[in-house]
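Worksheet: the structure to be examined is printed underneath.
The values are calculated or read from the model by the stated rules, or taken from the named source; none is laboratory data. Source: prediction; values computed, not measured. Methodologically, a virtual Cβ is constructed for each residue, glycine included, from the backbone with ideal geometry; neighbour enumeration extends over all protein chains shown.
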Amino acid sequence: MADSNEQSTVLLSQCTGAVFRAATVTLMAVVCPSRQCGVTVPVVEGVLDAHLGMAGDCSLAGARVVDDRISVADTADASNAVVSS
């Protein structure tokens with residue numbers, strides 16, 4: 001893992017594909033969003049694993065993958081929902 005990418009992040013919405021383990025809903029792999037890459041890459045503990053792109057080692061290896069599928073507005077609406085009896 002490259003030292004420069006320890007603080008880098010990739011949004012899940014930037015990836016053109018993702019693989020989840022159904023039983024635990026754990027993110028297992030994504031398609032790397034780098035233009036020079038585009039290969040399916042394992043996600044280990046929320047971090048893109050080291051991989052080769054078209055130009056060699058991908059610069060996004062080691063970046064944290066952030067799941068941005070739920071917007072802040074959706075979570076605010078859910079917390080303000082009234083439960084009727």
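Remarks
- Looking across segment 28-65, just one residue is polar (S, T, N, Q) and outside any loop (DSSP other than H, G, I, E, B), and that is THR40.
- Pick from segment 1-24, criterion of a type in the set (Ser, Thr, Tyr) and over 14 Å from the mean Cα position of the chain (by Cα), ranking: modelled with the highest pLDDT: THR24
- Top-ranked residue in segment 23-72 [being out of contact with any helix residue (DSSP H, G or I) (no Cβ under 8 Å at 6 or more places or on another chain) and hydroxyl-bearing (Ser, Thr, Tyr); ranked as farthest from SER13 (Cα to Cα)]: THR24
- Pairs linking a residue in segment 39-57 that is at positive phi to a residue that is modelled with pLDDT of 90 or more and assigned to a strand (DSSP E or B), with Cβ atoms under 7 Å and 6 or more positions apart or on different chains, are GLY46/ARG64; GLY46/VAL65.
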